[in-house]
1. Please list, ordered by chain and number, the residues whose modelled amide H lies under 5 Å from the amide H of residue 115; skip anything fewer than 5 residues away on the same chain.
2. Which order do peptides 31-44, 51-64, 87-100, 70-83 fall in by mean Cβ count within 10 Å, highest first?
3. Restricting to DSSP H runs of at least four residues, report the calculated mean residue ellipticity at 222 nm for the chain, -39500 (n - 2.57) per run over all residues, nearest 500 deg cm²/dmol.
4. With the calculation restricted to Cα positions, what are the radius of gyration and Dmax of the range 9-118 in angstrom?
5. May I ask you to evaluate 6.51 cos²θ - 1.76 cosθ + 1.60, the Karplus curve with θ = phi - 60°, for each residue of the range 30-42 and list the ³J(HN,Hα) values in order in whole Hz, giving x for glycine and proline?
6. Whole angstrom only: what separates the Cα centroid of the range 73-113 from the Cα centroid of the range 10-66?
7. Whole-Hz ³J(HN,Hα) for each residue in the range 9-23, computed from phi via Karplus 6.51 cos²θ - 1.76 cosθ + 1.60 with θ = phi - 60°, x for glycine and proline: what do you get?
8. Please work out how much length the chain gains when fully extended from residue 66 to residue 5, using 0.36 nm per residue of separation minus the C-alpha to C-alpha distance, in nm with one decimal.
Amino acid sequence: MGLGRLRLYEVQASYALALALVSVPPFLAAAGLMASRYHADLRVIVYGAGGRFAPALLGCLLASMVPAGCGFLLGWSSAGQRRNDKPARSWLGFFVGGGVLTLDLILVIAFFMLRMEQS
């Protein structure tokens, strides 16, 4: 299963599922980081201005968005093709990648709406 055979739909289906599943742990790490800094009484995410929280959070989100987007696109490309003998992998890659990508975007928007830097 080399990269040169990426034109085959069953190879795309396998990559779609693998990339979608790889995107889940960085998403969970980002969600955990945001949950650990969220203050319900203030309804904000509090972090230090010079700290490493924001770069770590945005790095986790980027590390999740890239494979989720690739898995989503590869699943979309290969799902429903007649020559694809692994359509379940295509659909799983499509839906898991799309779901994780959507949740990543929600976390990015929530972070920029609820952030409060402390000096």
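Nothing in this text is a laboratory measurement; each read-out follows from the coordinates by a stated rule. It should be emphasised that the depicted structure is a prediction, and the values quoted were computed from it without experimental measurement. Cβ placement follows ideal geometry from the backbone for every residue including glycine, while neighbour counts extend to all protein chains displayed.
1. 45
2. Ranking the peptides 31-44, 51-64, 87-100, 70-83 by packing returns 87-100, 70-83, 51-64, 31-44.
3. Numbers: 4 runs with 82 residues, N = 119.
Helix contribution divided over all residues of the chain: -24000 deg cm²/dmol.
4. Just the Cα atoms of the range 9-118 yield Rg and Dmax of 16.6, 56 Å.
5. For the range 30-42, the Karplus curve yields 5, 5, x, 4, 5, 5, 6, 9, 7, 10, 5, 5, 8 Hz.
6. What the calculation gives is 17 Å, centre to centre.
7. 5, 5, 6, 4, 5, 5, 5, 4, 5, 5, 5, 5, 6, 5, 7
8. Going from the current span to full extension adds 19.8 nm.
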